[in-house]
Amino acid sequence: MRLSFACGDYDRLRPLRDGRVRAEGLELTFLTLGPEEIFHRQVVHHEFDASEMSLGSYVTGLAQGTAPFVAIPIFPSRAFRHSSAYVNAGAGIERPEDLRGKRVGVAEYQLTANVWLRGILEDEHGVRPRDVHWFFGGLDQAGRRLKQMLVLPPEIHLEAISVDDTLSGMLERGELDAIFTPRMPGPFSSGSDRIRRLFPDYRRVEAEYFRRTRIFPIMHTVVIRRDVYERDRWIAQSLVKALTEAKRVCAATIYDTAALAYMLPWMNEEIESVRALMGEDWWPYGLEPNRKTLETFLRYAAAQGIATRPLAVEELFAPETGDTFKI
């Protein structure tokens, strides 16, 4: 069966794309695209049989009963998000608690990285979403429009910026005090001295966060269009098996002292450092190894209003993928 599959160019998916791993019964047509394009085309137009999907957008639609997709417990994108908070250098924000009463921009309120960052700020620093005045719009390109309609609690103040402006420009000019964004703002990457990170030593902060919580935040899952899944439910298990094997092949090949797979001089030392902190399988797939992380995200989603009802972890995924045979 031929299946279209839109996803990023990730090392953990590459063995499936280049043929080293095959999905049983499937011939996959890969569309290698950026996350913003994938999510817009899938959420708005349902263009792909299967795709990578923002966990935040998926949870929003699932809670509203408007998600025409079924997810599988595969997580192609994960990232710690303390590094995703940027502040104007003149806004008087020296610590997270200083965000109270400030103007903070987001590309989309339900964007997964923003859900994680808001939840962490409330859990760790007591800064609640209602303590901040939120603005949404394009990061570096004006005119970005929302993929999903949100019904937020009345205490959340969210408004659009001008369709002719950008979050990055407003932050650099001081019209916003901070922005939360997984993608680095253009002026910051160009060396602007008007923008800095809220957590300059973010690696130390993120490592300490993991030591205390054992949470490595999930950003994206994989979804199958519901009509495709309902027609041939075996597709879910076939994709889980293939994507899990692709990740195993990737992990086995990147730790090679004979020849570096990437242009990073101390790649192997980095892998050893990560293993010492996070264990042998630091990027787990499946429901149970990720239960605490998923439960935490769902708690944040409900508290922040992007999920209109509380969701259980088991509701997120095709039921077949939580069960397996034994010999």
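So which pairs qualify, if the first residue must be in the stretch 69-85 and over 23 Å from ASP281 (Cβ atoms) and modelled with pLDDT of 95 or more, the second must be in a strand (DSSP E or B) and hydrophobic (A, V, I, L, M, F, W, C), the Cβ gap must be under 7 Å, and the two must be at least 6 apart or on different chains?
What qualifies is PHE69/MET53; PHE69/VAL223; PHE69/ILE224; VAL70/VAL223; VAL70/ILE224; SER84/PHE180; ALA85/ALA178; ALA85/PHE180.
If I ask for residues that are under 23 Å from ARG233 (Cβ atoms) and either open to solvent by 10 Å² or more (accessible area, probe 1.4 Å) or touching a His at 6+ places or on another chain (Cβ under 8 Å) (or both), which ones from the stretch 71-92 would you list?
As a first pass, look at the stretch 71-92 and keep what is under 23 Å from ARG233 (Cβ atoms): 71-76.
The answer is PHE75, PRO76.
For the stretch 198-244, what are the residues that are polar (S, T, N, Q) and touching a strand residue (DSSP E or B) at 6+ places or on another chain (Cβ under 7 Å)?
Within the stretch 198-244, THR221 is the sole residue that qualifies.
For the stretch 103-119, enumerate the residues that are of a type in the set (A, V, I, L, M, F, W, C) and open to solvent by 20 Å² or more (accessible area, probe 1.4 Å).
Answer for the stretch 103-119, where residues must be of a type in the set (A, V, I, L, M, F, W, C) and open to solvent by 20 Å² or more (accessible area, probe 1.4 Å): just LEU111.
Check ALA252, ALA258, ALA246 and return the single one that is more than 24 Å from the chain's Cα centre (by Cα), assigned to a helix (DSSP H, G or I) and of a type in the set (A, V, I, L, M, F, W, C). Before the answer, list the steps.
Details: ALA258 fails: assigned to a helix (DSSP H, G or I); ALA246 fails: more than 24 Å from the chain's Cα centre (by Cα).
On inspection, the qualifying residue turns out to be ALA252.
Being assigned to a loop (DSSP other than H, G, I, E, B), touching a residue at least 60 places away in the same chain (Cβ under 8 Å) and of a type in the set (Phe, Trp, Tyr) is the filter here, so list the residues in the stretch 281-327 that pass it.
TRP282, TRP283, TYR285
Let me confirm something: among LEU150, LEU176, which residue is within 27 Å of GLU315 (Cα to Cα), touching a strand residue (DSSP E or B) at 6+ places or on another chain (Cβ under 9 Å) and not β-branched (Val, Ile, Thr)?
On inspection, the qualifying residue turns out to be LEU150.
For GLU122, work out the one condition from (1) open to solvent by less than 10 Å² (accessible area, probe 1.4 Å); (2) out of contact with any strand residue (DSSP E or B) (no Cβ under 8 Å at 6 or more places or on another chain); (3) not aliphatic (A, V, I, L, M) it doesn't fulfil.
GLU122 satisfies all of (1) open to solvent by less than 10 Å² (accessible area, probe 1.4 Å); (2) out of contact with any strand residue (DSSP E or B) (no Cβ under 8 Å at 6 or more places or on another chain); (3) not aliphatic (A, V, I, L, M) except (1).
Using beta carbons and a limit of 8 Å, which pairs, at least six apart or on different chains, have the first residue in the stretch 236-265 and closer than 13 Å to VAL222 by Cβ and of a type in the set (Gly, Ala, Ser) and the second one part of a helix (DSSP H, G or I) and modelled with pLDDT of 95 or more?
Partner pairs satisfying both residue conditions: ALA236/TYR229; ALA242/LEU16; ALA246/ARG14; ALA246/PRO15; ALA246/LEU16.
Residues of the stretch 66-79 being out of contact with any Phe, Trp or Tyr (no Cβ under 7 Å at 6 or more places or on another chain) and among the aromatic types (Phe, Trp, Tyr), which ones?
Selection gives nothing.
For TYR300, indicate whether it is of a type in the set (Ser, Thr, Tyr) and touching a Pro at 6+ places or on another chain (Cβ under 9 Å).
no
Restricting the first residue to the stretch 154-167 and requiring it to be free of Cβ contacts under 8 Å to residues at least 40 places away in the same chain, which pairs with a second residue that is in a loop (DSSP other than H, G, I, E, B) and open to solvent by 80 Å² or more (accessible area, probe 1.4 Å) meet a Cβ separation below 8 Å and a spacing of at least six or different chains?
THR166/GLN141
Consider only pairs whose beta carbons are under 9 Å apart and that are at least six residues apart or on different chains; among these, list those whose first residue lies in the stretch 5-17 and is over 14 Å from THR244 (Cβ atoms) and whose second residue is of a type in the set (Ser, Thr, Tyr) and part of a loop (DSSP other than H, G, I, E, B).
Close Cβ pairs (under 9 Å, with a partner that is of a type in the set (Ser, Thr, Tyr) and part of a loop (DSSP other than H, G, I, E, B)) amount to ASP11/TYR262.
Take the residues of the stretch 131-164 that are more than 22 Å from PHE188 (Cβ to Cβ) and basic (Lys, Arg): which is most open to solvent (accessible area, probe 1.4 Å)?
Just the residues of the stretch 131-164 that are more than 22 Å from PHE188 (Cβ to Cβ), to begin with: 131, 145-160, 163.
Applying the additional criterion that residues be basic (Lys, Arg) yields 145, 147.
Values: ARG145: 139, LYS147: 38 Å².
Within the stretch 131-164, the match that is most open to solvent (accessible area, probe 1.4 Å) is ARG145.
The values are calculated or read from the model by the stated rules, or taken from the named source; none is laboratory data. Just so you know, these numbers come straight off a predicted model, no measurement behind them. Cβ coordinates were reconstructed from backbone atoms using ideal geometry, including for glycine residues, and neighbour counts include every protein chain displayed. Just the protein is used for accessible areas: all its heavy atoms, side chains included, with ligands, DNA and RNA removed. Shrake-Rupley method; radii C 1.70, N 1.55, O 1.52, S 1.80 Å.
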